[in-house]
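**Student:** First the structure, which I've put down as structure tokens, then a few questions once you've had a look.
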Amino acid sequence: MSNPDVINLNVGGAKFTTFASTLQRFPDSRLAHMLDGSDRDFRLVNGQFFVDRDGSLFSYILDYLRTSQLTIPSDFSEYERLQREAEFYQLHALAEQLGQGNIYQPRQEILEVRFLLQETHAFFRIFCSCSSTVEALADRIVMYVEQPIGVQGMSFPFSNQKPLAPVPLQRPSHHDLVFQCGTDFATGDQFGARYASIKPDQRKLLNGTNVLGLLLDILLREGFSLVSTRAVSAEEKVECYTFQRKKRPEIFTIAEDYKQEKMVNVQVKPSKQTKKR
């Protein structure tokens with residue numbers, strides 16, 4: 001027995017099933033008037049409403065009807081075609097917002113790596129215009145400090161197997177992080193060694209030049225382009241590597257208050273969890 005509240009649609013060969021109330025969510029749209037049979041572009045064929053439009057793009061339209069939001073993946077490129085589909089279905093606020101190209105323009109991130117090498121000790125400072133990128137790097141970079149072996153603080157100077165303890169990175173702000181590696185003279189004949197590891201690489205590296213090479217390689221693999229290198233301070237041997245990356249938002253959401261027919265601001269979020277504003 002068929003349920004009159006459940007509607008089957010065939011959009012260009014793609015099949016969809018939804019509630020009549022979903023199609024009527026926006027009362028002024030063509031989909032809201034489809035059920036009364038007055039629109040010749042929507043025909044009832046074998047118990048299904050058929051419309052000769054793009055079925056893959058209709059999945060975004062239907063998601064918008066269900067949630068009053070439109071969530072677009074980062075690799076989506078059919079904005080103009082989706083705008084035309086929104087215009088066809090007379091979802092005017094959605095079409096207008098999709099026509100504003102600035103909402104899906106790629107972001108440009110600027111990232112700087114400052115590297116200072118002092119004999120056997122290296123210092124790193126990473127700054128990025130996008131705080132989420134810095135947060136991601138901070139989760140991947142782990143520092144370890146070498147601990148002396150012994151009882152009551154007395155170490156065994158001839159032991160090569162000293163335990164390593166993780167230590168936190170320095171975070172001067174949300175946009176930068178600081179860490180170091182290498183050997184550092186402490187007292188007597190002892191040296192305190194600091195190692196750096198950058199996931200997914202499992203090595204614990206002591207040599208600052210090796211850490212720098214791994215860090216630059218990771219940035220290049222993740223879409224950054226090296227745009228310049230320069231010496232910030234020749235006396236202190238501070239090198240600066242500047243990168244940039246154009247990246248679309250992973251997810252942005254267009255939300256519409258369909259009762260008041262007002263558009264809410266677009267949300268751009270660095271993670272895949274979004275909330276309606």
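**Student:** Please compute the modelled spin-label separation between LEU44 and GLU235, points set 7 Å along Cα→Cβ, answer in nm with one decimal.
**Tutor:** If labels sit at GLU235 and LEU44, their model points lie 8.7 nm apart.
**Student:** Spin-label point model (7 Å from Cα, Cβ direction): what's the ARG84 to ARG221 distance in nm?
**Tutor:** Simple spin-label model gives 4.1 nm for this pair.
**Student:** Which listed residue (PHE124, GLY55, THR18) has the Cα farthest towards the positive end of the charge dipole for region 1-130, taking +1 on Lys and Arg C-beta and -1 on Asp and Glu C-beta about the Cα centre?
**Tutor:** Working it through, the farthest residue towards the positive pole turns out to be THR18.
**Student:** Assuming R0 = 45 Å, what is the FRET efficiency of GLU112 and ASP5, from their Cβ-Cβ distance, to the nearest 0.05? Before the final figure, lay out the partial values.
**Tutor:** Numbers: r = 58 Å, r/R0 = 1.29.
Rounded to the nearest 0.05, the efficiency is 0.20.
**Student:** I've got another one for you. Once the piece of chain linking SER59 and HIS174 is laid out straight, how much longer is it, given 0.36 nm per residue of separation minus the C-alpha distance between them?
**Tutor:** Working: separation 115, 0.36 × 115 = 41.40 nm, distance 3.76 nm.
Gain on extension, SER59 to HIS174, equals 37.6 nm.
**Student:** Expected output is a single nm value to one decimal: the length gained when fully extending between PHE19 and SER131, i.e. 0.36 nm times separation in residues minus the C-alpha distance. What is it? Let's see the in-between values first.
**Tutor:** Working: separation 112, 0.36 × 112 = 40.32 nm, distance 4.18 nm.
Computed gain between PHE19 and SER131 is 36.1 nm.
**Student:** Let me ask something additional. Give me the 1.4 Å probe accessible area per residue for region 3-70, excluding ligands and nucleic acids, in Å².
**Tutor:** Working: 3530 Å² over 68 residues.
Roughly 52 Å² per residue, with all protein chains present.
The values are calculated or read from the model by the stated rules, or taken from the named source; none is laboratory data. Computed from a prediction, not measured in an experiment: that's the story for all the values here. Virtual Cβ from ideal backbone geometry, glycine too; neighbours counted across all protein chains shown. In case anyone asks, the SASA skips ligands and DNA or RNA and just uses the protein heavy atoms, side chains included. Shrake-Rupley method; radii C 1.70, N 1.55, O 1.52, S 1.80 Å.
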